[in-house]
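In what follows, a structure is listed as C-alpha cells, so that the remarks can point back to it.
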Amino acid sequence: LAATDYQAEDALISQGTVASNHTGFTGTGFVDYTNVRGSYVEFTVSAASAGPASVTLRYANGTTADRPMDLSVNGTVVAPAVSFPATADWNTWAAKSVNVTLKAGSNKIRATATTANGGPNLDRVSLGTPTDTQAPTR
Ligand code: GCU
C-alpha cells in the first residue's frame, strides 16, 4: 500500500476552520478545530483492498495540555481518546499513527475532539502500510 496523503483543508470539517496562520503545514493550510468537544474532521479515503492500514495524523499542539481525539472508521470508534501531546509551539508538527482495518473502496476516517479544548491543529492524514507495533523476537 503506497502512502497517500489527504489534506485536512480538503476534508469534511465540523466545528473547525481552515487556517494558515502558522508555518510548516503541507498543502494550502490546516484545520484549526474549534475549542469544543465534538469538533471533527472526516476524511474520505480509498483502499485498493480490504485489510489493515496505518493512519498517520500530522498535527501541531502549541499548548502544554494533551488534545485527545477519538478516531473512527466508517462510524465506529476504533481508537478512543488518542493522545496528541504538546509539540513545543504551533509551528512544530508531529505525527501520530494508528493502525486500522479498512474495507475495499471508500472509507470514512474521522478524528473527533474529546475535550472542551478541541483537537490539535491538523495538517493532513497519510494512509500507509501498517506499522509494526510489536518488538521483533528471535
Ligand atoms: C491558538 C492558535 C491556533 C489554535 C488555537 C487552539 O489560537 O493560534 O492555531 O488552533 O490556539 O487553542 O486550538
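If I model a spin label at Thr131 and Ala116 as a point 7 Å from the Cα along the Cα→Cβ vector, what separation in nanometres do I get?
The answer from the label model is 3.1 nm.
Need the full-extension length gain, Ala3 to Ala81, defined as separation in residues times 0.36 nm minus the C-alpha distance. One decimal, nm.
Gain in length upon complete extension: 25.6 nm.
Tally Lys and Arg at +1 and Asp and Glu at -1 over the other residues with C-beta under 12 Å from the C-beta of Ser20: what net charge comes out? The partial results should precede the final answer.
Details: positive: none; negative: Glu9, Asp32, Asp123.
Net charge in that neighbourhood comes out at -3.
Relative contact order of the range 2-137: what whole-number percent is it, with Cα pairs under 8 angstrom and at least 6 residues apart?
Relative contact order comes out at 37 percent.
So, by mean Cβ neighbours within 10 angstrom, what's the order for 112-118, 55-61 with the highest one leading?
Ranking the peptides 112-118, 55-61 by packing returns 55-61, 112-118.
Test of understanding: express the Cα radius of gyration of the range 9-119 as a ratio to 2.2 N^0.38 Å, with N the residue count.
Output field value: 1.03.
Working out 0.36 nm times the residue gap between Ala19 and Val36, then minus their Cα-Cα distance, what length gain in nm do you get to one decimal?
Working it through step by step, the gained length comes to 4.4 nm.
Using the Cα centre of the chain as origin and beta-carbon charges of +1 (Lys, Arg) and -1 (Asp, Glu), tell me which of Phe25, Asn91, Ser72 is placed farthest towards the positive end of the dipole.
Ser72
None of the figures in this text is laboratory data; all of them are computed from the coordinates on show. Quick caveat: nothing in here was measured; it's all calculated off a predicted structure. For neighbour counting, all protein chains shown are included, and Cβ atoms are generated from backbone atoms with ideal geometry for every residue, glycine included.
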